[in-house]
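Chemist: Once you've had a glance at the structure underneath, I'll fire off some questions.
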Amino acid sequence: MGATSVLKARPAPPSAPAGRTVTKKRSGRAPTGPGRRRQRAGMLMVAPALLHASLWIGLPVVASVVLAFTKYDVLTAPQFVGLDNFRDMLDDAVFRKSIVNTVVYTFFTVPFGMALGLLVALALHTGLKARGIFRTAVFIPQVTATVAIALVWLWIYNPGNGLLNTLLSFLGIDGPAWLSSTSWAMPSVILVGIWQGIGMKMLIYLAALQSLPKELYEAASVDGASRVRQFFSITLPLLKPATFFVLITSMISAFQSFDQIYILTDGGPGNSTTMMTFEIYKSAFREFRIGYASAQSLVLFVLLMGFTLVNRRIMGGTRGNN
């Protein structure tokens with residue numbers, strides 16, 4: 001009997017139980033074929049924005065942090081001075097005044113602007129006729145150049161023939177010199193800031209209102225809840241993410257206010273309307289103290305970051321009860 005070759009069969013792998021699927025382990029390799037081409041196309045599309053951000057945002061930020069610890073006047077080479085710029089800020093009464101003015105300006109413009117923006121959004125969210133016209137009218141100041149708006153308000157506040165004092169004269173009231181009085185200059189600037197910022201706040205709140213589920217309001221109506229109760233129990237809690245976003249962006253915008261101050265008051269009278277950004281501008285481009293201005297900018301950044309973290313902790317972040 002001839003020798004026969006015996007083939008040893010390998011045992012078959014155990015089959016997966018019924019109702020379960022076997023998942024293959026990922027190799028962890030880089031994408032190949034169409035995946036790699038899509039990745040390259042995405043990187044090419046993002047590259048211009050990354051290059052722009054690196055050149056015009058990243059490098060200036062790094063440079064300002066480095067210059068904050070130097071004495072630099074553009075004409076001579078920077079000299080390292082350590083913390084001298086920050087010590088000078090502690091003795092700078094005008095800069096301390098600018099911090100107080102910035103906080104006061106933010107304290108009034110942000111809450112009142114948010115409240116008015118929400119009220120306008122609620123009004124335009126209803127079945128109001130010509131809603132598009134009203135939305136455009138409210139939003140136009142947001143996209144108009146701040147310098148142009150400041151020039152218009154400069155005429156409105158004119159103590160001689162300005163619109164505001166002319167209207168007050170019909171009522172037998174002698175209007176003050178709005179922008180030349182230490183008592184009225186800051187309220188006048190605050191009014192301009194509130195008026196100009198309503199459009200963006202309204203737009204964000206309006207978009208958030210349109211995304212709210214109508215089923216909740218129908219169920220609340222069936223349970224007998226009034227419109228006021230629905231607003232405080234449904235609308236406000238669901239608008240929490242939008243409110244947090246509006247709050248942070250409004251605070252950043254208020255802390256960076258410059259154009260209207262430059263045009264309307266130039267920081268006066270008596271530094272009653274000078275802001276941190278205006279003081280940074282004066283230090284850098286009027287006094288040519290670039291190192292000191294960079295240190296002031298760093299303080300502004302730290303204040304904004306601190307307020308942002310505090311607001312995030314108070315409001316519980318951006319998580320909404322959706």
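Chemist: Rounding to the nearest 10 and keeping the result within 0 to 90°, find how far the Cα-based axis of helix 290-315 lies from the longest principal axis of the chain.
Modeler: 60 degrees
Chemist: If you don't mind, another one. For region 208-250, what ratio Rg/Rh do Cα atoms give with a Kirkwood hydrodynamic radius?
Modeler: 1.06
Chemist: Quick one: which residues, 5+ away or cross-chain, put their amide H under 5 Å from the amide H of residue 71? H built at 1.01 Å from N.
Modeler: For residue 71, the qualifying residues are 79, 80, 81.
Chemist: Then there's this: Expressed as a rounded percentage, what relative contact order does the chain have, with Cα pairs under 8 Å and six or more residues apart?
Modeler: Taking the mean separation of contacting Cα pairs over the length of the chain, I get 26 percent.
Chemist: Moving to a separate point now. Give me the accessible area per residue for region 195-307, probe 1.4 Å, as a whole number in Å².
Modeler: 47 Å²
Chemist: Note the full-extension length gain between residue 38 and residue 222 as 0.36 nm times their separation in residues minus their Cα-Cα distance, in nm to one decimal.
Modeler: Residue separation times 0.36 nm, minus the Cα-Cα distance, leaves 61.1 nm.
Chemist: Enumerate lysine pairs in the chain that are 8 or more residues apart or on different chains, then count those whose Cα atoms are under 18 Å apart.
Modeler: 4
Chemist: Output ³J(HN,Hα) for region 276-288: one whole-Hz value per residue in order, computed from phi by the Karplus curve 6.51 cos²θ - 1.76 cosθ + 1.60 with θ = phi - 60°, and x for Gly and Pro.
Modeler: Going residue by residue, I get 4, 5, 5, 5, 4, 4, 4, 5, 7, 10, 10, 9, 6 Hz, with x marking Gly and Pro.
Chemist: Hey, if we sort 125, 52 by accessible area with the 1.4 Å probe, largest down, what's the order?
Modeler: So, going from the largest accessible area down, we get 52, 125.
Chemist: Let me ask something else about it. Starting at 0 and stepping by 5 Å, how many percent of the alpha carbon pairs of region 199-322 end up in each bin?
Modeler: With 5 Å bins starting at 0, P(r) equals 2, 10, 14, 14, 14, 11, 10, 8, 7, 5, 4, 2, 1, 0.
Chemist: In the chain, once you exclude exposed trypsin sites (Lys or Arg not before Pro) (DSSP loop, at most 12 other Cβ within 10 angstrom), what's the longest stretch remaining?
Modeler: 130-318
Chemist: Based only on the alpha carbon positions, what is the Kirkwood hydrodynamic radius of region 117-161, in angstrom?
Modeler: 12.5 Å
Chemist: Give the whole-number value, in cubic angstrom per residue, of the convex hull volume spanned by the C-alpha atoms of region 225-289.
Modeler: Cα-based convex hull of region 225-289, divided per residue, equals 115 Å³.
Chemist: A further question on this structure: Looking at (1) 34, 57, 9, 1; (2) 21, 42, 25, 7, 4, 1, 0; (3) 33, 54, 13, 0, which value of P(r) over Cα pairs in 20 Å bins from 0, in percent comes from a calculation on the structure shown?
Modeler: (2)
Chemist: Starting from 0.36 nm per residue, how many nanometres of slack lie between residue 155 and residue 174 once their C-alpha separation is accounted for?
Modeler: Here the answer is 5.2 nm.
Chemist: Nearest 10 degrees is fine. How inclined is helix 185-210 to the longest principal axis of the chain, computing both from alpha carbons?
Modeler: That works out to roughly 30 degrees.
Chemist: Over its Cα atoms, what ratio of radius of gyration to 2.2 N^0.38 Å does region 156-231 give?
Modeler: Here the Cα radius of gyration is 1.87 times the empirical estimate.
Chemist: Taking a cut-off of 25 Å, what percent of all Cα-Cα pairs in region 112-264 are separated by more than that?
Modeler: Tail of the P(r) past 25 Å holds 44 percent of the pairs.
Chemist: Before rounding to the nearest 500, sum -39500 (n - 2.57) across all DSSP H runs of length at least 4 in the chain and divide by the residue total; then give [θ] at 222 nm in deg cm²/dmol.
Modeler: -19500 deg cm²/dmol
Chemist: Of all the accessible heavy-atom surface of the chain, with the other protein chains kept in place and a 1.4 Å probe, what percent is carbon and sulfur?
Modeler: Of all accessible area on the chain, carbon and sulfur atoms account for 66 percent.
Chemist: Compute, for the chain, the length of the dipole vector about the Cα centre, with Cβ point charges of +1 (Lys, Arg) and -1 (Asp, Glu) only. Units Debye, rounded to 20.
Modeler: Value, rounded to 20: 2620 debye.
Chemist: Full-extension gain between residue 112 and residue 59, please, as 0.36 nm times their residue separation minus the C-alpha to C-alpha distance.
Modeler: Difference between extended and current length: 15.5 nm.
The values are calculated or read from the model by the stated rules, or taken from the named source; none is laboratory data. Given the structure is predicted, the values throughout are model-derived calculations rather than measurements. So basically every Cβ, Gly included, is an ideal-geometry build from the backbone, and we count neighbours across all protein chains shown. When the accessible area is computed, the model is the full protein with side chains, heavy atoms only, and any ligands, DNA or RNA have been set aside. Shrake-Rupley method; radii C 1.70, N 1.55, O 1.52, S 1.80 Å.
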